[in-house]
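Notes to accompany the following structure.
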There are 2 protein chains.
Amino acid sequence: MPRAKLSEVTRTLAAVCAGREAADLVISGGRLVNVFTREVLDGLEIAVKDGRIALVGDASHTRGPETELIDADGAYLVPGLVDTHLHVESAMVTVTRFAEAVLPRGTTTAVIDNHEIANVFGLDGIRWMLDEGRDLPLKVFLAVPSCVPALPGFEDAGAVLGPDEIRTALRWPGVVGLGEMMNMPGVLEGDVGVHAEIAATLEAGKPVTGHWSLAGVRDARLQAYAAAGIDSDHESTTREDAIAKLRAGIWVQFREGSTFRDVTALAPVLTEDGVDPGHCLLVTDDVHPETLVEDGHLDRAVRAAVEAGVDPLVAIQMATLNPSEYFGLRHEVGSLAPGRLADVLFVEDLRAFRPHRVLADGLPVPERLTGPAYPERAYRSVCLARTLTREDLRIQARGPIARVRAIGLASDTVTTEHLVVEAPVEDGAVPASVALDLIKAASIERHGGPGTLGLGFVKGLGLRRGAVASTVAHDNHNLNVAGVKDDDMLFAVEQLERSGGGMIAVADGDVLALVELPIAGLIADRPVADLARACRDLEQAYRALGSTVAAPYMIFSFLSLAVIPALRLTNRGLVDGIEFALVPPVAG
Amino acid sequence: MPRAKLSEVTRTLAAVCAGREAADLVISGGRLVNVFTREVLDGLEIAVKDGRIALVGDASHTRGPETELIDADGAYLVPGLVDTHLHVESAMVTVTRFAEAVLPRGTTTAVIDNHEIANVFGLDGIRWMLDEGRDLPLKVFLAVPSCVPALPGFEDAGAVLGPDEIRTALRWPGVVGLGEMMNMPGVLEGDVGVHAEIAATLEAGKPVTGHWSLAGVRDARLQAYAAAGIDSDHESTTREDAIAKLRAGIWVQFREGSTFRDVTALAPVLTEDGVDPGHCLLVTDDVHPETLVEDGHLDRAVRAAVEAGVDPLVAIQMATLNPSEYFGLRHEVGSLAPGRLADVLFVEDLRAFRPHRVLADGLPVPERLTGPAYPERAYRSVCLARTLTREDLRIQARGPIARVRAIGLASDTVTTEHLVVEAPVEDGAVPASVALDLIKAASIERHGGPGTLGLGFVKGLGLRRGAVASTVAHDNHNLNVAGVKDDDMLFAVEQLERSGGGMIAVADGDVLALVELPIAGLIADRPVADLARACRDLEQAYRALGSTVAAPYMIFSFLSLAVIPALRLTNRGLVDGIEFALVPPVAG
């Protein structure tokens, strides 16, 4: 049943308040967390009708013979959590499966920026997820991806989104803003297309969300970014950066993702600097399957804030009221008040913050959810132009020794190093070298486009045999492969293409591990726990091949991320991410 | 020059930040009040371009040969004040003249609810004011009046607005919400038309503003009001009512008007209960010409809050940031931050709070403003069906003594008493009686409608001779007249009709005082100071006629206000404002 709009039920809710109609549900015996006044209030009941809260107070006159009664038994009643910035694709599942995983954790509203599927399927992919989210107990809103492709001219993604596409998407119900504006140079330099996207969003009266990853840059450049109408950001890692943004009118999203966990570092903004917390939010950005299964979602961010000394009531505001206000959703979510959707968390202890019962739209969240099937086309996203041969992987050079560029990878960082390494030449080409920890990599266009591939070397992944490949390849999501032996690389590509996409590790003609992500080569319609297991197996396979870096398949998935320094590999070749130039694999 | 939309100038602002273009204006040497973080920050400059703030910080690189420089000389720099609920008509002037009066006081944004002119000219009147406000230095937004007429079935105003008219107005640029929903019974009882107006507003994504004047009522009725989507209110007079509303998700507007001054009573919500001030606002509602001239506007509310113990920075948030967020205007007004309109107040002392310099759109506010002329029709609003005679004013009764109803008026209250008085009958009718302080009153339809009039008696106004009349007659704004002698009453009506409307006092064929309000019979295109003088003269005339009540012409202007208890006079007759029934002047 589709969710009732407030405008459709105001008369019904008033009738319940007046006792003319019975409530569907009355919750008694809870300690209500009022996020407006920042109080805990005892002795209040919540009456629910048509999925919305009719009243908070004495609900005795709203009980009818059919009214369900819930005794909260002294638990705190907290509004469902609202996450204003996340990529569903990081959980490697469909929106439905994502909802299934996060609802029991207390996340009842998600503003997704489905940048990843947008790079594969453009507006169609964006729309599939939006439609999928329409009737879930999770309230799914969308910030339409602003940067597809991430670095025009240096990569071929599956789609190009410009101002026209943005304008189209902004008209779709549920689209509440523009997704993270990563093109900081475009904003600062006055790029016409970038500013046209922003203008379209402002004209639609919706927020333009940000991504200001220039750590420590708090000067006129930050002011320009804010002057362009961008008014949120989740990339602060220091309190100084966070405060500078708050002062400029930017709502600061304290991020607690799987890899990037900034809440502890940012908490002093509230606990020491004591600024008004009204524009501080908690977000997850990227949470991977294992984190979801083992630790939770936005509830985890609330816990992190409390552990860092933030008043639990403020931490809850940062995950409920403040997010709802940022996106203009105050009538819908973010508070336990008349008219709002009845998303209610039952929590024994506000500091431990482990929701033990979750209602969405006044109903218990189901253990399993089923969504609409993705179209056939979504499963056919790995479209290589042709079958590759060993010849395609040759990096030619004159010997006996060549100076080759290598992408330096390391644990726990997305940035890479731009290395130049002396390597032996064999038969007019430079092969991978275990001795030098130099493995070969290829980035192969897989969206049915030009069919080109780029070649280069990688150092630091630590493979000593076999090959790995992935269609999760931020942000263009081409098919990336790296390995010690060309035959293993070709085998990995072939196997991954056959499976419809995902992440794979092979050696000597055997598949050691395969995370199947057949939808767009990015996600699967399977329980998140399955993905968590598959990812653990994949990590083991990386280990078996010799890799010692932390989260090796994640690190590998960033190989193409040319918007981040220093050296990257896309289907057009090696990209110098500082000079923004294509550079050859052999430095000469 | 029309104001630039942010979406039109993001590239220009970015160019100023980067030093590619020069600023129009740089303000240095001020102490900046940052309303996001609630801090005072020294050493920052403000660079302005095209009326908007390009950057806050070091603006040295934005200075060009044409750049104007202002040295704030240590003054605090405060964002222009934003008033979210006011009736321009209370100032008795056009929007232009209102702007002229309030801008020097620091009010740079006004959300007007022009309920009064709407009762005379319907959508046309609403539109005239909206259009008039379009290019003023004052930012004029509009909450479209929701209750025209205020009490359908008991009065004839000049217009009837229903859901269709509301929907039309909601599409006009600058219309940001629905005006105060005074029809509380309609909301609670599920009136279809009332809820259709609310639904139209919610569908448009705009706030529904409230008017909850049931003091002390904080039970399920208040919850129903909030559940209907109404989320602001300016009628709280006690902290208990204010907190109950805040808890229900209603933004509480602390009112500091000319007559109703609630800030002192409500301040303990912040100073003692210590709730989150984010949803607390300051508003003026009704400010009369004398107050404007002598004491100010929203600046006066800030002073009242500070005097009541509210932290000055919180008081400023309540008049800047919080209002802008309530109406979704955060990119436009309410803060000194990149992208926002450069409305800047210079204030020596945050506690005394007397802006000594005001910039609107980065420019000094002119001493005199000229707006577009109102159409001819606006000046022909007093349309009586026919010339009245003494016969029309006869209140027939059988003698020698009749029991007549009288509207009991008193100082400093809008409510009236429903009195029954024994009065002598002469020639088959009851005349006014100075001895009994019983004066006769008539409410005459003046909008070119049915041309009916209602008759009754008034006690407490204290006239001992002459007559008074007014086309300011909340909320239907018919022509009301009251007097001791029928001839004076007829003369007052005739003079007021001839002048095009306003307020008048006469005696024995002489006009003692006349406040000419020729536009809609409500406002004039004259400086507010003129109106203040005219009103003082009118009050003196009331005194000369014997009236001793405070603000007698204001009290008289509420004679028809049938939504407020207990007895009122409209063109349909006496209205029992508790039972909601028409009652005869002679009680029988």
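Would you mind finding the one in A:VAL208, A:VAL175 that is within 11 Å of chain B (Cβ to nearest Cβ), at negative phi, buried (at least 21 other Cβ atoms within 10 Å of the Cβ) and modelled with pLDDT of 95 or more? First the steps, then the outcome.
On the way: A:VAL175 fails: within 11 Å of chain B (Cβ to nearest Cβ).
None of the others qualify; the one that does is A:VAL208.
Of the listed requirements (1) part of a loop (DSSP other than H, G, I, E, B); (2) surrounded by 18 or more Cβ atoms within 10 Å (Cβ to Cβ), B:ARG351 misses just one: (2).
Among residues of segment A:541-564 that are farther than 30 Å from A:GLY153 by Cβ, those with a beta-carbon under 7 Å from a residue that is among the aromatic types (Phe, Trp, Tyr) and surrounded by fewer than 24 Cβ atoms within 10 Å (Cβ to Cβ) at least six positions away or on a different chain give the pairs A:TYR542/A:TYR553. How about segment B:64-88: which of its residues are part of a strand (DSSP E or B) and either free of Cβ contacts under 8 Å to residues at least 12 places away in the same chain or surrounded by fewer than 18 Cβ atoms within 10 Å (Cβ to Cβ) (or both)? If the condition is that a residue be part of a strand (DSSP E or B) and either free of Cβ contacts under 8 Å to residues at least 12 places away in the same chain or surrounded by fewer than 18 Cβ atoms within 10 Å (Cβ to Cβ) (or both), then B:GLU68, B:LEU69, B:ASP71 are the ones that fit.
In summary, A:ALA242 fulfils each of the numbered conditions (1) away from chain B (no Cβ under 11 Å); (2) buried (at least 24 other Cβ atoms within 10 Å of the Cβ); (3) more than 21 Å from A:SER146 (Cβ to Cβ) with the single exception of condition (1).
Kindly establish whether B:LEU161 is open to solvent by less than 20 Å² (accessible area, probe 1.4 Å) and in a loop (DSSP other than H, G, I, E, B). Spell out the reasoning first.
Details: open to solvent by less than 20 Å² (accessible area, probe 1.4 Å): yes; in a loop (DSSP other than H, G, I, E, B): yes.
When the stated conditions are applied, B:LEU161 passes them.
Counting only strands (runs of 3 or more DSSP E) wholly contained in segment B:479-588, the ones carrying 2 or more residues that are surrounded by fewer than 19 Cβ atoms within 10 Å (Cβ to Cβ) occupy B:510-516, B:581-583. Within segment B:101-131, the set of residues being open to solvent by 10 Å² or more (accessible area, probe 1.4 Å) and over 16 Å from the mean Cα position of the chain (by Cα) comprises B:PRO104, B:ARG105, B:PHE121, B:LEU123, B:ASP124, B:ARG127, B:TRP128, B:ASP131.
Restricting attention to segment B:354-400, which residues are assigned to a helix (DSSP H, G or I) and hydrophobic (A, V, I, L, M, F, W, C)? Please lay out each step first, then the result.
Kept after step one, since they are assigned to a helix (DSSP H, G or I), are these residues of segment B:354-400: B:376-379, B:390-393.
Matches in segment B:354-400: B:ALA378, B:LEU393.
Residues of segment B:315-339 that are facing chain A (nearest Cβ under 8 Å) and among the hydroxyl-bearing types (Ser, Thr, Tyr): B:SER335 alone. Please tell me if A:LEU436 is touching a residue at least 60 places away in the same chain (Cβ under 8 Å) and hydrophobic (A, V, I, L, M, F, W, C). Against the criterion (touching a residue at least 60 places away in the same chain (Cβ under 8 Å) and hydrophobic (A, V, I, L, M, F, W, C)), A:LEU436 does not qualify. All of (1) in contact (Cβ under 8 Å) with a residue 24 or more places away in the chain; (2) buried (at least 19 other Cβ atoms within 10 Å of the Cβ); (3) at the interface with another protein chain (Cβ under 8 Å from one of its Cβ atoms) hold for A:HIS61 with one exception: (2). Of all the criteria given as (1) of a type outside the set (Val, Ile, Thr); (2) at the interface with chain B (Cβ under 9 Å from one of its Cβ atoms); (3) under 24 Å from A:MET318 (Cβ atoms); (4) assigned to a helix (DSSP H, G or I), the one not satisfied by A:ARG221 is (3).
For B:GLY216, the requirement of being more than 9 Å from every other protein chain (Cβ to nearest Cβ), out of contact with any Phe, Trp or Tyr (no Cβ under 9 Å at 6 or more places or on another chain) and at positive phi is met. Restricting attention to segment A:164-174 and to residues that are in contact with a Lys or Arg (Cβ under 9 Å, 6 or more places away or on another chain) and in a loop (DSSP other than H, G, I, E, B), the residue that is farthest from A:GLY577 (Cα to Cα) turns out to be A:PRO173. Quick one: would you say A:LEU44 is on the phi < 0 side of the Ramachandran plot and open to solvent by less than 10 Å² (accessible area, probe 1.4 Å)? Here the answer is no, as A:LEU44 does not meet what is asked. Applying the criterion of being surrounded by fewer than 16 Cβ atoms within 10 Å (Cβ to Cβ) and of a type in the set (Lys, Arg) to the residues of segment B:398-419, the residue that is nearest to B:LEU455 (Cα to Cα) is B:ARG403.
In segment B:209-237, which residue that is among the charged types (D, E, K, R) and in contact with an Asp or Glu (Cβ under 9 Å, 6 or more places away or on another chain) is nearest to B:GLU180 (Cα to Cα)? Even if it seems obvious, please write down each step before you answer.
Pass one, segment B:209-237, residues among the charged types (D, E, K, R): B:218-219, B:221, B:231, B:233, B:235.
Applying the additional criterion that residues be in contact with an Asp or Glu (Cβ under 9 Å, 6 or more places away or on another chain) yields B:218-219, B:233, B:235.
Details: B:ARG218: 18, B:ASP219: 20, B:ASP233: 8, B:GLU235: 10 Å.
Step by step, filter segment B:209-237, then rank; the result is B:ASP233.
When A:ARG20, A:ARG11 are checked against the criterion of being without any contact (Cβ under 8 Å) to a residue 40 or more places away in the chain, open to solvent by 40 Å² or more (accessible area, probe 1.4 Å) and touching a His at 6+ places or on another chain (Cβ under 9 Å), a single residue qualifies: A:ARG11.
What number of residues within segment B:1-36 are among the aliphatic types (A, V, I, L, M), within 14 Å of chain A (Cβ to nearest Cβ) and in a loop (DSSP other than H, G, I, E, B)? Can you show your working first?
Applying the first criterion (among the aliphatic types (A, V, I, L, M)) to segment B:1-36 yields B:1, B:4, B:6, B:9, B:13-16, B:18, B:22-23, B:25-27, B:32-33, B:35.
Among the residues that remain, those that are also within 14 Å of chain A (Cβ to nearest Cβ) are: B:4, B:6, B:9, B:13-16, B:18, B:22-23, B:26, B:32-33, B:35.
Subset that is in a loop (DSSP other than H, G, I, E, B): B:4, B:22-23, B:35.
Here the count works out to 4.
Looking across segment B:186-205, the residues that are within 7 Å of chain A (Cβ to nearest Cβ), under 21 Å from B:LEU151 (Cβ atoms) and part of a helix (DSSP H, G or I) come down to B:VAL187, B:LEU188, B:HIS195, B:ILE198. Scanning segment B:420-433 for residues that are loosely packed, with under 15 Cβ neighbours inside 10 Å and free of Cβ contacts under 8 Å to residues at least 12 places away in the same chain yields one hit, B:ASP427.
A:LEU455: more than 26 Å from the chain's Cα centre (by Cα), in a strand (DSSP E or B) and in contact (Cβ under 8 Å) with a residue 24 or more places away in the chain, yes or no? Yes: the conditions hold for A:LEU455.
Selection within segment B:441-465: residues that are touching a Pro at 6+ places or on another chain (Cβ under 8 Å) and under 17 Å from B:HIS418 (Cβ atoms). The member of this set that is most open to solvent (accessible area, probe 1.4 Å) is B:LEU455.
The values are calculated or read from the model by the stated rules, or taken from the named source; none is laboratory data. All values reported here derive from a predicted model rather than from experimental measurement. Heads up, the Cβs are rebuilt from the backbone with ideal geometry, glycines too, and the neighbour counts pull from every protein chain shown. For accessibility, only protein heavy atoms count, side chains too; no ligands or nucleic acids. Shrake-Rupley method; radii C 1.70, N 1.55, O 1.52, S 1.80 Å.
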